[in-house]
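Here is the structure we will look at, set down as structure tokens.
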Ligand code: UD1
């Protein structure tokens, strides 16, 4: 088992590049299922979740070949249209194969992903819209079993702007008969990237990035050639690492506009931020103010940066109220931060963080989910003494070499096998 060991107290300085976005790469790889042939993706991060996606694609008779951050996916007709429990349980985003398989082959059997530590995470907002496109769907023995001779376009209004639901239905609708109008959809940059890739495959999609997406179905698509957008959550985590140590850190290979919500909050705290075409720099600040943060769908403050921002607020001057509006149970990092000496009162969906209460002290802590692991590492960077973060398989699902990147900025951090 690997752990991350951090000796806190070093100020980070320097420049570091963001990797490709996990949350963009996953739907893009599943979109490959919409067209047989050889797809090529660039800027694909080396992550456990990408390996799991490859495993599922391999199970569906696709060949995957990696060279650094390039991934070639050769899609062949699957022998069986099944996404088995053993793979889906490792990664909830596996449900994204449902829309493409159903649209392309007229049937699919995909294991129910189940809940996860941060919430119950149902898939009703994937299933119901597919029914509205004409699919017959039943849940049997823990599997979603979907059949549709030919999906037919429809006008669908989402109850909530779900990211995965929007992606699944967008992909399915590309091969529908007729027009599909999707209302109240997610507007995340990853949705825009997926639409860009689907368009390059021959799909007719308008409106990605707004509340309404219109898709004119086509008979077939061609293989993709696509470069994945930069990971805004990783970029934000690296900026917060610079900020919490009072350092001067420039994150390159990112899209500053995708980080607006974080940049605005950092500026409210008193940090000076500079941006260029593809970089963001956070400059040193001795004593930053606490600010309140509430997570919201894009362009609001991302839930995927809430835990890392909370680490920053433990060192702020004043009290911060952090509200989590996307997931019902995304405060599991709070107890670990408290074990490091933070003063945080968690209530349902709200955490009150009293900043600067005598600093944090290093401790053995346990990562409970992907972003919580990044939060604990940020806390470790400023804690006095040694912090050992265990269960870092969560970290490896979604951060490419985070400890190597932080070490390149001067952090005393290493991975150890125990
Ligand atoms: C994606 C991201 C994840 C991020 C989240 C919110 C990927 C692979 N993951 O997850 O990192 O934290 O967006 O920005 O892109 N919901 C339902 N029914 C559904 C679907 C969702 O009730 O059918 C609820 C969820 O339980 C949650 C909320 O809607 O409370 C948001 O979920 P959603 O936007 O779908 O997140 P994911 O696509 O799973």
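None of the figures in this text is laboratory data; all of them are computed from the coordinates on show. Worth saying up front: this structure is predicted, and the values here are computed from it rather than measured. Glycine also receives a Cβ, built like all others from the backbone with ideal geometry; neighbour counts cover every protein chain displayed.
Need one word for segment 13-76: rounded, prolate or oblate. Basis is the Cα gyration tensor (sqrt eigenvalues a ≥ b ≥ c); a/c below 1.5 gives rounded, then a/b vs b/c decides. Because a/c hits 1.5 or more and a/b exceeds b/c, segment 13-76 counts as prolate. Classify segment 267-334 as rounded, prolate or oblate from the Cα gyration tensor: take a ≥ b ≥ c as the square roots of its eigenvalues, call it rounded if a/c is under 1.5, otherwise prolate when a/b beats b/c and oblate if not. Judged from the Cα gyration tensor, segment 267-334 comes out oblate (a/c at least 1.5, b/c at or above a/b). Considering every alpha-carbon pair of segment 1-129, the percent of pairs per 10 Å bin, from zero through the bin containing the longest distance, is 11, 38, 30, 14, 6, 1.
For the peptides 8-17, 178-187, residues were scored by their other Cβ atoms within 10 Å and the scores averaged per peptide; the highest-first order is 178-187, 8-17.
For segment 146-168 and segment 365-418, what is the separation of their Cα centres, given in Å? Centre-to-centre (Cα) distance: 37 Å. In plain terms, the residue of 290, 227 with the fewest other Cβ atoms within 10 Å comes first and the most crowded comes last, giving 227, 290.
For residue 157 and residue 401, a Förster radius of 35 Å and the Cβ-Cβ distance give a FRET efficiency of 0.25, rounded to the nearest 0.05. For segment 307-418, the Stokes-Einstein estimate of translational diffusion at 37 °C and a viscosity of 0.692 mPa s comes to 232 µm²/s, using the Kirkwood hydrodynamic radius over alpha-carbon pairs. When the P(r) of the chain is calculated, the portion above 35 Å amounts to 27% of the C-alpha pairs.
Largest first, the extents of the alpha carbon coordinates of segment 341-391 on the three principal axes equal 28, 27, 13 Å.
Going by a ≥ b ≥ c, the root eigenvalues of the Cα gyration tensor, does segment 234-303 fall in the rounded group (a/c under 1.5), the prolate group (a/b larger than b/c) or the oblate group? Because a/c hits 1.5 or more and a/b fails to exceed b/c, segment 234-303 counts as oblate. If you take the Cα centroid of segment 1-43 and the Cα centroid of segment 85-110, the two points sit 22 Å apart. Here the Kirkwood formula, the inverse mean of 1/r across different C-alpha pairs, assigns segment 158-269 a hydrodynamic radius of 15.7 Å. With only Cα atoms counted, segment 80-167 has Rg and Dmax values of 12.4, 37 Å. What the Cβ-Cβ distance of residue 2 and residue 131 gives, at R0 = 51 Å and to the nearest 0.05, is a FRET efficiency of 0.75.
Mean projected area of the convex hull spanned by the Cα atoms of segment 66-213, taken over all viewing directions: 9.5 nm².
The helix-only estimate of mean residue ellipticity at 222 nm for the chain, built from DSSP H runs of length n ≥ 4 each weighted as -39500 (n - 2.57), is -9000 deg cm²/dmol after division by the residue total.
Using C-alpha pairs under 8 Å with a sequence gap of at least 6, the mean separation divided by the residue count of the chain gives a relative contact order of 21 percent.
In terms of the mean number of neighbouring beta-carbon atoms within 10 Å, the peptides 403-414, 39-50 order highest first as 39-50, 403-414. Restricting attention to segment 236-339, close to 65% of DSSP beta bridges with both partner residues there are antiparallel. Antiparallel as a % of all DSSP beta bridges within the chain, to the nearest 5? About 70 percent, rounded to the nearest 5. Across q = 0.19, 0.30, 0.32 Å⁻¹, segment 1-47 modelled as identical point scatterers on its alpha-carbon atoms has Debye log10 I(q)/I(0) values of -0.80, -1.12, -1.17, in the order of the q list. A simple spin-label model places the labels of residue 260 and residue 107 4.7 nm from each other, with each point 7 Å out along Cα-to-Cβ. Averaging Cα coordinates gives a centre for segment 236-280 and one for segment 292-358; these two points are 18 Å apart.
Across all directions, the average flat footprint of the convex hull enclosing the Cα atoms of segment 371-418 is 3.3 nm².
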